1. At 0.36 nm per residue, minus the direct Cα-Cα distance, what do SER813 and ASN903 gain on full extension? Give it in nm, one decimal, please.
2. Could you give the spread of the C-alpha atoms of region 290-392 along their three principal axes, from largest to smallest, in whole angstroms?
3. In sequence order, what are the phi-derived ³J(HN,Hα) couplings for region 782-796 according to the Karplus relation 6.51 cos²θ - 1.76 cosθ + 1.60 with θ = phi - 60°, rounded to whole Hz, with x for glycine and proline?
4. Computed FRET efficiency, Cβ-Cβ of ARG973 and ILE762, R0 56 Å: what is it to the nearest 0.05?
5. Report, in debye and to the nearest 20, how large the dipole of the chain comes out about its Cα centre when Lys and Arg carry +1 and Asp and Glu carry -1 on their Cβ.
6. Scaled to the compact-protein estimate 2.2 N^0.38 Å, what is the alpha-carbon radius of gyration of the chain, rounded to two decimal places?
7. With the Cα gyration tensor of region 301-347 in hand, give its eigenvalues times 5 under a square root as the equivalent ellipsoid semi-axes, listed largest first in whole angstrom.
8. What number do you get for region 755-824 when its Cα radius of gyration is normalised by 2.2 N^0.38 Å, N = residues?
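Every read-out reported here was derived from the displayed coordinates using simple, explicitly stated rules and does not represent laboratory data. This is a predicted model, so every value here is computed, not measured. Reconstructed Cβ throughout: ideal geometry from the backbone, glycine too, with neighbour counts over all protein chains shown.
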Amino acid sequence: MKSFNLSDWALEHRSLVWYFMLIFVVAGTLSYINLGREEDPAFTIKTMIINAQWPGASAEEVTLQVTDRIEKKLQELDALDYTRSVTKAGQTTIFVELLSSTKASEVTDNWVRVRNMVNDIKGELPSGVLGPFFNDNFGDVYGNIYAFTSDGLSQRQMRDLVEDARAKLLTVPNVGKIDVIGAQDEVIYLEFSTRKIAALGIDQQSILETLQAQNAVTQSGVVEAGAERIALRVSGQFTSEESLKSINLRVNDRFFPLTDIATIKRGYVDPPSSLFRFKGKPAIGLAIGMKTGANLLTFGEQLDAELDRVVVDLPIGVTVERVSDQPAVVEEAVSGFTKALFEAIVIVLAISFISLGVRAGLVVAISIPLVLAITFVFMEYTGISLQRISLGALIIALGLLVDDAMIAVEMMVSRLEAGDTLRSAATHVYTSTAFPMLTGTLVTVAGFIPIGLNNSAAGEFTFTLFVVIAVSLIVSWVVAVLFTPLLGVTILPKTMKSHHETKGRFATIFASLLGLAMRWRWVTIVATVAVFAMSVGGLGLVQQQFFPASDRVELIVDWELPQNSTIAETNRQISQFEQDKLVGNPDIDHWSTYVGEGAPRFILSYDVSTPATWMGQVVIVTKDLEARNRLRADLQDYLSKTFPGTDAFVKLLDIGPPVGKPVQYRVSGPDIQTVRKLAREFGGVIGSHPLLSNMTFDWNEPSRVVKVDVLQDKARQLGISSSDIATGLNGIVEGSTATKVRDDIYLVDVIGRAQDSERGAIETLKNLQLPSASGNSVPLSAVAKFRYEVEQPMIARRDRIPTITVKAAVIGSTQPATIVEDLKPEVDAFTKTMPVGYTVEIGGSVESSAESQGPIVAVAPLMLFAMATILMIQLQSFSRLFLVFAVAPLALIGVVAALLLSNAPMGFVAILGILALVGILIRNSVILVVQIEQLRSEGMSPWRAVVEATEHRMRPIMLTAAAATLALIPISREVFWGPMAYAMMGGIVVGTVLTLLFLPALYVAWFRIPREEEA
């Protein structure tokens, strides 16, 4: 019975096959047009934020009574990796980090569990605690940010315009969240003279209670008058500050206008919680997100159209400028990636035409776009967009998938030269090479299994690499055995003259080298192993890297002042920086300033900062990469000299998961003061490294506080409690909210506080008049004493243990892992001197790299098992299995050489390229070994079979290697793909030479094949 032949079936059903070929081309073209566009693929931020407030408590009290209780409960979560908390006086922020192995689909369910677990212990928290509040949208991206600025309009007028614009933009299809940035909340201040109201015998708290009672909205009832219902409404609610000015107070049977004892003024929250500027001008921003799964470029066009309509309605003097425009960035980025893809296609096609001739080259030239078209269809229906990773995967796959088409065409040409008919030559492709090709394809796909099964953020980021390469390679095999034979029958001539009668110069040289390698088999083997051993040693000279910095033009300036700094001081320093270095700078296109908070997450890999009065960020968009690099060094030098007590750090954006400053160590232990001491000592140890700069601690320095020691017995005699004193002090310094004025869509707080001259003086606090049980006023100094103390303004913990993170930037191009390795002896020596229970752990990019590579190492055995099983099904021989596997690790020779010569680091992506190399080289080896066995089975002598098979496979192997290597040139210029491209190019070149010379030598040595003299 004749076995089934897919190529023969295709020739029997030509019209049907042509039909599907055309359908795939049309569908692929439409899919390419419809594919979503992104700069980088999405990955899940496995972080949740829990906030709680306990007004009046110190940082240490909040840590022990609130933070610790929540963190202790969270440790029951199965998927928890660790908790990280930042506790300040009166509030705590807890970051819940899930295990990197947690699947993206399970993240939401875990956030529900976190909510339930924390809500279960709500009753155990101290009275007065507000919250906890949950934020599981920490990873939300706001790709479009706009700044509204004006000349002459007030903050309130601007906010009205921005809120109106926000309402209109929310109607844009696929718009997600829209947040307002930098808007100042209005407030009405009642500023009292504490001495004046004390002299009049008036209690500030009773004044505030009077205002609350008048402004309350209370149900007044409904009268049913016959058939009609009539609601009752009681007046008295405040509508503006003018309503407050008309109030009279009754004190000791006398009436006082409120204006006699308080200055009533309307303004904005003082001090502000955050500020936003654009190009140095005060602004209000709109940060706009897009719904998941929408087409970013289409969304950008619709958003621009609606914004144009909004701008038309704005008054003269109000301008709207783009702070961040991710659709435009994506369009430019995808355009660059796509250009690299088409360059690679042109390179591969040029190699095909030059090496195979016009007709045979045309068969390959049609096959490649056909494979890409089918791959585009798959990408559209699985939701894979065109972005950095998927387009890079297509470029990598190009050099591999051309191999199938070349093998098929080469086989057809060789059979035509042997005298076979076109049909016989076409069907021979399936019978002779289909299954070795399929084995090679599946082995190559298996090489990417560690990416497909890597659940870490880095693995999720690169997941589409596995999918796109796997699909394109499998499709290329189908095209090679189904469509290529039909194309060959249509395009190739019916007969071809043999070109093997006389060897060309290159073939002659190769035959001599092959003969030499086989005759001196042991020399070849030993020399190769020796060079491999040298490359293993040389691997230590290659620098290690996680992900490279971004090639975008932005610079981020992080500001961190001492943690007792006011927002006014933070704002002053950043304003000085803007005036001195940014205004009028020819290298800068625009910049945006955030004081008291960080910029919104405008790309997924952006590291969002925790808001605080002592921090800020400036996002600078330079005109090009040269300007960015030039400006970065200049700004860092200025900041270091001008603000010596401030951690002002200029950094680039990240590609992939964010890590912050590259070199980080965590000093942890049970006692805060000991941890502070050890951290300072450890900072001295690593700070001596010449390539580290901008070393800082995430917290350490204490701040001053005024301790009010209440004389409890005396206070109790007078009927005064600690709570009365705390409330009174707060009413003077920060103010107490009396009520809210309902103004349009806003609620304006009415806050009673002391006058400016009294709020900032300790003497005023001592003279605070407190109402006693007898009705008389008593000065605070009579029942309390004042003294200064120091306490921690902030306490950071990791897994419930106080932890100080020592962070540093790197000078020059040296990689963080290299510096960490240099510091290892000093760090180990310091660790030995630490008390029991105190530790130093590596953080930053080195830790992130290890976490991302861990799943790869864990899955590597599965990858090897899959490869071995596939090969064993094809080879069914342990000896041949060993021979095929032997070449793969030797490619490390080329990898190390290429990385050292190019000075490229061994990053996460380069490791993925090395894994791919294993599959590529095994693919070539298995086809060569199968061909040797086939020739031996046909009666050819073993020695002659090795020579003939190797010489026959030399051409397609060399062409594939050339295609794969040269196709990587367009992406070798990319910051992200460069190390991987160099590693693969070096590995492919060396691996190809080893396949053609070392493998035959190893084959004849393994099977003890005696030497034969060639005729």
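1. Numbers: separation 90, 0.36 × 90 = 32.40 nm, distance 0.98 nm.
Separation in residues times 0.36 nm, less the Cα-Cα distance, equals 31.4 nm.
2. 68, 28, 20
3. Couplings: 6, 10, 8, 10, 10, 8, 8, 9, 10, 8, 6, x, 8, 10, 9 Hz.
4. For R0 = 56 Å, the calculated efficiency reads 0.30.
5. Once rounded to the nearest 20, the dipole reads 1700 debye.
6. 1.19
7. Values: eigenvalues 265, 19, 8 Å².
That gives 36, 10, 6 Å for the three semi-axes.
8. It is 2.30.
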